[in-house]
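Undergrad: Take a look at this one; I'll ask things after.
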Amino acid sequence: QVQLVESGGGLVQAGGSLRLSCAASGRTFSNYVMGWFRQAPGKDREFLAAISWSSLRLYHADPVKGRFTISRDNAKNTVYLQMNSLKPEDTAVYSCAAGVGAITQIGHYVYWGQGTQVTVSS
């Protein structure tokens, strides 16, 4: 089992920045690929970014490419999502997830955090 706890969400004005953190405990963190997802009210969950255990493979979805950056620190068992140039449409609950295999295969993510709310005001 892997337990994931997100933090860093909050209220920010459009154009501002936030850095989300996801702290992992349980099994060896460095064994897992990590991803960030979000879900806005009334919308499907959206896959935002992913990172391999070595950080050599990265993925950022088109809606956030150039604005959001995923990174990880295996020594701290933590994955981050740096979010810049935030827009009101970025408002959602953001969750991290851990899995094995290809970083872009959503079905490979098996452990999920509870999420943290991000609200971007216009």
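Undergrad: Would you mind telling me which numbered condition in (1) part of a loop (DSSP other than H, G, I, E, B); (2) open to solvent by less than 10 Å² (accessible area, probe 1.4 Å) Gly16 fails?
TA: (2)
Undergrad: Anything in the stretch 1-59 that is in contact with a Phe, Trp or Tyr (Cβ under 7 Å, 6 or more places away or on another chain), under 23 Å from Ser85 (Cβ atoms) and not aromatic (Phe, Trp, Tyr)? List them, or say none.
TA: Answer for the stretch 1-59, where residues must be in contact with a Phe, Trp or Tyr (Cβ under 7 Å, 6 or more places away or on another chain), under 23 Å from Ser85 (Cβ atoms) and not aromatic (Phe, Trp, Tyr): Glu6, Gly9, Arg19, Leu20, Ser21, Gly35, Arg38, Arg45, Glu46, Leu48, Ala49, Ala50.
Undergrad: Still on this structure: Which of the strands (runs of 3 or more DSSP E) found entirely inside the stretch 21-122 contain at least 2 residues meeting this: modelled with pLDDT of 95 or more, open to solvent by 10 Å² or more (accessible area, probe 1.4 Å) and charged (D, E, K, R)?
TA: Values: elements: 33-39, 46-51, 58-60, 68-73, 78-83, 92-99, 109-112, 116-121.
It comes to 68-73.
Undergrad: Kindly check whether there is at least one residue in the stretch 60-80 that is in contact (Cβ under 8 Å) with a residue 24 or more places away in the chain and in contact with a Gly (Cβ under 6 Å, 6 or more places away or on another chain).
TA: For the stretch 60-80, residues in contact (Cβ under 8 Å) with a residue 24 or more places away in the chain and in contact with a Gly (Cβ under 6 Å, 6 or more places away or on another chain): absent.
The values are calculated or read from the model by the stated rules, or taken from the named source; none is laboratory data. Note that the structure is predicted; figures quoted are calculated from it, not measured. Here the Cβ is made from the backbone with ideal geometry for all residues, glycine too, and neighbour counts use every protein chain on show. Heads up: the accessible areas ignore ligands, DNA and RNA and are worked out on the full protein's heavy atoms, side chains in. Shrake-Rupley method; radii C 1.70, N 1.55, O 1.52, S 1.80 Å.
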